[in-house]
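To start, the structure under review is shown below, and the notes come after it.
The values are calculated or read from the model by the stated rules, or taken from the named source; none is laboratory data. Please read all numbers here as calculations on a predicted model, not as lab measurements. Cβ placement follows ideal geometry from the backbone for every residue including glycine, while neighbour counts extend to all protein chains displayed.
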Amino acid sequence: MSKFGLIGKDIDYSFSKLYFTNKFKREGLPHLYQNFDIESIDKIIDIVKSNQDLKGLNVTIPYKEAVIPYLDKLDEKAEKIGAVNTIKITKDGSLIGYNTDYYGFQKSIEPFLQNHHKKALILGTGGASKAIAFALKNLGIECSYVSRIASNNATFTYQMLSDEIIENHHIIINCTPLGTHPNTNVCPPIPYDAINKSHLLYDLIYNPEETKFLTIGKLKSAKTCNGLEMLELQADKAWEVWN
């Protein structure tokens with residue numbers, strides 16, 4: 001029996017375990033999927049050593065960047081992105097890092113894109129946001145990061161966002177955990193009054209199905225999309241990597 005799993009922190013809510021367990025059952029595969037909830041990323045060494053039948057791992061918040069020094073090799077795209085969400089464990093025990101987030105996001109946002117969708121704001125600067133930026137660049141969309149604090153990574157802080165900035169960026173993507181269950185009554189602090197029907201609001205969160213961020217977007221007549229399809233697409237791509 002081969003084993004696969006997810007490494008992250010506070011991951012009881014995670015989509016991956018249920019998704020792959022159901023997939024294995026549906027396809028009659030004698031595999032096991034396990035959550036590895038760890039306090040620090042260095043525990044990955046113990047996980048791999050003590051699970052000889054482990055063939056692959058998914059990586060989630062907050063370790064998509066922190067895991068890189070523990071890997072033997074990076075796929076070309078993961079190296080360009082600077083974040084890893086999928087690890088393949090080879091027969092000789094090498095750990096190879098991949099990024100399938102960018103693929104899931106790109107495929108899921110493409111049907112929503114229109115000619116005026118030229119510029120995007122990415123809310124958050126973590127590992128997931130790097131994959132989003134990579135996908136947007138693939139699609140020819142200019143993107144800017146928004147962060148709570150001023151940094152070299154961020155073009156804007158939330159305090160800097162004006163109606164004019166929102167009006168000039170017709171795609172807004174939430175890559176922060178704000179609005180995730182059970183804290184569903186919070187959302188990123190942006191000027192929502194400037195959102196209109198030409199906007200597309202995309203939230204990487206999938207629980208709840210409609211976050212406060214997306215609800216406000218709908219009220220402003222914007223197109224909205226949650227992160228569920230992205231997750232399914234990136235999970236299927238991870239399965240391709242492992243096999």
Being in contact with a Leu (Cβ under 8 Å, 6 or more places away or on another chain) and either in the same structural domain as Ile172 (by TED's automatic domain parsing) or under 29 Å from Gly179 (Cα atoms) (or both): is that true of Glu65 here? no
Of the residues in the stretch 78-93 that are assigned to a helix (DSSP H, G or I) and out of contact with any helix residue (DSSP H, G or I) (no Cβ under 7 Å at 6 or more places or on another chain), the one that is farthest from Asn243 (Cα to Cα) is Glu79
Those residues of the stretch 1-18 which are within 16 Å of the chain's Cα centre (by Cα) and of a type in the set (Ser, Thr, Tyr) amount to Tyr13, Ser14, Ser16
request  = Test Glu232 against the stated conditions and say whether it is touching a residue at least 24 places away in the same chain (Cβ under 8 Å) and of a type in the set (Asp, Glu).
outcome  = yes
Result of the Cβ filter at 9 Å on the stretch 2-22, keeping first residues that are more than 23 Å from Ile68 (Cβ to Cβ) and partners that are among the basic types (Lys, Arg) and surrounded by fewer than 18 Cβ atoms within 10 Å (Cβ to Cβ), at least 6 apart or interchain, is Ser2/Lys55
Going through the stretch 193-243 in order, the residues found to be surrounded by fewer than 17 Cβ atoms within 10 Å (Cβ to Cβ), assigned to a loop (DSSP other than H, G, I, E, B) and either assigned by TED's automatic domain parsing to the domain that holds His116 or at pLDDT 95 or above (or both) are Asn196, Lys197, Ser198, Asn207, Pro208, Glu209, Glu210, Lys220, Ser221
Given the conditions (1) among the small types (Gly, Ala, Ser); (2) in contact with a strand residue (DSSP E or B) (Cβ under 8 Å, 6 or more places away or on another chain); (3) in contact (Cβ under 8 Å) with a residue 24 or more places away in the chain, every one holds for Ala128 apart from (2)
Of the conditions (1) basic (Lys, Arg); (2) at pLDDT 95 or above; (3) farther than 23 Å from Ile11 by Cα, the single one that Arg148 does not satisfy is (2)
